[in-house]
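The values are calculated or read from the model by the stated rules, or taken from the named source; none is laboratory data. What you see is a predicted model; the values in this text were computed from it and never measured. Neighbour counts are summed over all protein chains in view; Cβ atoms, including those assigned to glycine, are modelled from backbone coordinates with ideal geometry. Accessible surface is based on the protein model in full, side chains and every heavy atom, while ligands, DNA and RNA are left aside. Shrake-Rupley method; radii C 1.70, N 1.55, O 1.52, S 1.80 Å.
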Amino acid sequence: STFLKGHLKNFEPALNDEQFAHKLIQASLELHNKVAQAFRKTAINFHYEFSIRHLASVYKGLLMSEPAYFPDPSKFASLFIHEAERVYGDRLVSPTDLENYTKIAKDVGKKYFKDLDQMVVFPPTLIFCHCWKDLDEKSYNKVENLDTLSTILNQALNAYNETNAAMNLVLFEDAMKHVCRVCRILQSSHALMVGVGGSGKQSLCRLAAFICNATVSQIAISGTYGMSDLKEDIKQMYFKAGLKNEPIVFLFMDSQIADEKFLVY
């Protein structure tokens, strides 16, 4: 609550309000508890384990907001719904689980934000990203329409292809949403991208890194590549990121796991 209330101090009076902050906190706690109860860890879904770390990730997303782009509580509540879906919903593996999560999130949202504009809190398409306006504007804001987002992402793809090995991507709606998800994650975290081979995971990650002005780094596997080589490569990435303040995306493929001990690092 301290972080949230401190963050909202510079926002409009309707947002910088003790009652609104209290509703957000209560909504996040109830949603977290309901998700933890509804989606239990199993042998198949071994990653269904929700802790205080996931709750903190929701607030980390809320703290990316800026007063200029969030003039009213309804839009900020929609940001909360979006961040919760990114943290909880994106970890779910089946359409049924995602449907159940959506119902839980809507029930919680309507309970605590019933006095707000429901069309703003729960729009048909809910996307917040760092490329909502153009490739230079890096603030975190809502995408108002998919056509604008498509234009921006295709511009980014064309710019990437001019300076790198060309990627022939078709940015349909789900692909655009994935790019926005990856861009959000690259600001401060990491992700495990799961999917069948050739589905575009690596390409979308490279495009997202390009949008975030980050350099993609990969290891070069050879017959003699071992643990000491991996440590040296990671050390060089830390030098670039820490000493030169250069944004680095370490793209590590499953085919590059020459030794299971690699995963420890």
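With K and R counted +1 and D and E -1, the other residues having a Cβ less than 10 Å from that of T148 yield a net charge of -2. Taking the charge dipole of the chain about its Cα centre, with +1 at Lys and Arg Cβ atoms and -1 at Asp and Glu Cβ atoms, the residue from S222, L171, S199 reaching farthest to the positive side is S222. Amide H contacts for V249 (H built 1.01 Å from N in the peptide plane; partners 5 or more residues away or on another chain; cut-off under 5 Å): T215, V216, S217. Of the labelled options (i) 7, 29, 35, 21, 7, 1; (ii) 6, 23, 25, 19, 14, 9, 3, 1, 0; (iii) 6, 26, 33, 25, 10, 1, 0, which one gives P(r) over Cα pairs in 10 Å bins from 0, in percent as computed for this structure? Identified label for the calculated read-out: (iii).
Other residues whose C-beta falls under 11 angstrom from the C-beta of L204 contribute a net charge of +3, scoring Lys and Arg +1 and Asp and Glu -1. For segment 78-125 and segment 31-55, what is the separation of their C-alpha centers, rounded to whole Å? Spelled out, the Cα-based centre of one part sits 16 Å from the other. Most tightly packed first, judged by the mean number of other beta-carbon atoms within 10 Å of their residues, the peptides 180-190, 201-211 read 201-211, 180-190. From helices alone, the chain scores -15500 deg cm²/dmol at 222 nm; the rule is -39500 (n - 2.57) for each run of n ≥ 4 DSSP H residues, then divide by the residue total. Between the helical axis of 18-38 and the longest alpha-carbon principal axis of the chain there is an angle of about 60 degrees. Solvent-accessible surface of the chain, taken per residue with a 1.4 Å probe and all protein chains present: 57 Å².
The chymotrypsin sites (Phe, Trp or Tyr not before Pro) found in segment 27-69 that occupy coil by DSSP, while having at most 10 further C-beta atoms within 10 Å, are F46. Per-residue packing, averaged as other Cβ atoms within 10 Å, sorts the ranges 9-22, 71-84, 123-136 into the order 71-84, 123-136, 9-22, beginning with the highest.
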